[in-house]
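The values are calculated or read from the model by the stated rules, or taken from the named source; none is laboratory data. What you see is a predicted model, and the numbers here were worked out from it, not measured in a lab. All Cβ positions, even for glycine, are placed from backbone atoms using ideal geometry, and neighbour counts span all protein chains on display.
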Amino acid sequence: MSSSAPPEIPGLVYVQPVGSGGYADVFLYEQQMPRMNVAVKVLKGEGLTPSLRRQFTDEADTMAQLADHPYIVQVFRSDTAADGRPYLVMKYYPPPNLAMRARAERFTVEEVLRTGIQLASAVETAHRAGVVHRDIKPANVLVSQYGAPGLTDFGIAGRGAAAEEDDDDVGVSVPWAPPEVLFGQSNGDHRSDVYSLAATLWQLLVGRSPFEVPGGDNSAYALMPRIRSNPAPSTGRADVPVSLERLLSQAMSKDAANRPQTALAFARALQEIEQEQRFPRTQIVVLDEQGQTTLADTTPTPGADDDRTRVRAPQAVRAQAPAPAPPAYRPMSGSTSIPAAGHTTVTSPRAGQVAPLPDDLAEEGTVRRAKVTDEAEQAPPAAPAEDQHVIKPGTLLAVVGTVFAILVGLTVFALTRGDDAPTPQPTRTTVAGPGEDDPLLGGPAQVPTVAARAASGAVAFSWSYGGAQKDDTFRFRWAPAIDKLEEAKPAYVTPKSSNYVVKVPKGTQVCGQAQVIRGGPWTNWSEPQCEKAG
């Protein structure tokens, strides 16, 4: 806890400290009129640079701009205390935050899906206002007295082009940051926030960050190469549906192009899993910076108006150029948290350079890395909004003609098909199966064919498939019987090996399956093969 004294603020009475970070302290105050508890974030006096002051002011402006959103912490006012320290007065959320809760309990799948959709709503709203958060993690998600999440700490958020013009370093929290940010290829964009949001949900399910090894070296120095090279691990929970495992793995793909391209796309995919699991539907609440009231949810339940996405306009504090719109996304299907510690920083390289890492990085894993100015990293400009919904007269005639032809075709089909033909079912957006032909993946991997042979005190499995690539990795699972394979915990196999040996007593039957991982997504499991040990 910080030793900094709380400042005297007119109209507020100090109660107690709440927390401390690298450059700011948070205190609980009681506001006198109207009487209520508020949280006050105060910049520390030591090391107070013009850059930190500007960053603090930007945080106040950003959070005020997004203050109407139900899942973003509200800022009431910002000022400078008599001792010269800037401060923010915010809505008070009592502890624990999500990091504390994940340390003490495992969240249910239903709660994680609901929380993920709510947070994705907040992130999408920020993105539409031209703001990239860049530090989404469990500790930055507070929980209200009514159980609603509140995203906070926009201190290093980027504001479109303005963020790229800033020459100061960018701080990142290593355990939840994507590889392109950690290693200097990007300053963060919509897709990096999606990665961090998925890593946050993974921690709620498991109780630790995705690449943390229980009992191992989990310093930033050890985590960074794992985040760059290792596939996103499975949660290992039997109650987590395969569709959610696939979505989280895809959202934490090493290649940003393979992730959901917007927070809204990620929220819709989570809604699909809610529907699959027959959970109550969680609303996607998005505020549109253009002031247009439309529906962002393309798959509402017929007749269920309450389930529709709400879109409202935010209160703009100052004019901001919206960030370039990311490309469209087609979804695919198939805690112990790291505690906060002292603030240690390193400067990571520009693109193409190797980052030197000190040995004494903080446990939280917050590092600072240089901004990237390479224009090739920037997203293409969005098409003008006014052109997106315009239908020219000639186009309208073509559409009418096409609809008429389709109706005629359906009529002929209805008259000629047999009575036993199945009734066509309405289609809906689903998380596509793994291995489908997605252009973002550079071609799908094929489901492997597994062979099993008896060995002395073991069963040796090997697999093969067409179109193998050198970077393909694998998962293998085995059990005494085929009906037990679903319960087996998969093991990861390196790209240099396409075999797995299970040592068991002579005469013991072993059944095994393998799947290929390429760029984050993986294929379906192979047909199981069984053999008895020799």
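Within the range 497-505, is there a residue that is outside any loop (DSSP other than H, G, I, E, B), polar (S, T, N, Q) and either under 27 Å from N230 (Cβ atoms) or modelled with pLDDT of 90 or more (or both)? Within the range 497-505, one or more residues are outside any loop (DSSP other than H, G, I, E, B), polar (S, T, N, Q) and either under 27 Å from N230 (Cβ atoms) or modelled with pLDDT of 90 or more (or both). Pull up the range 43-78, narrow it to residues that are charged (D, E, K, R) and part of a loop (DSSP other than H, G, I, E, B), then point me to the one that is farthest from T125 (Cα to Cα). This residue is E46. Just to be sure, is E289 in contact with a helix residue (DSSP H, G or I) (Cβ under 6 Å, 6 or more places away or on another chain), farther than 30 Å from D471 by Cα, surrounded by 14 or more Cβ atoms within 10 Å (Cβ to Cβ) and modelled with pLDDT of 95 or more? No, not satisfied. Residues that are touching a His at 6+ places or on another chain (Cβ under 8 Å) and crowded, with 18+ Cβ neighbours inside 10 Å are absent from the range 211-224 altogether. The set of residues in the range 174-213 that are in a loop (DSSP other than H, G, I, E, B) and farther than 20 Å from R246 by Cβ comprises A177, F183, G184, Q185, S186, N187, G188, D189, G207, R208, E212, V213. The set of residues in the range 228-264 that are part of a helix (DSSP H, G or I) and touching a helix residue (DSSP H, G or I) at 6+ places or on another chain (Cβ under 8 Å) comprises R228, S243, L244, L247, L248, Q250, A251, A256, A257, N258, A263, L264.
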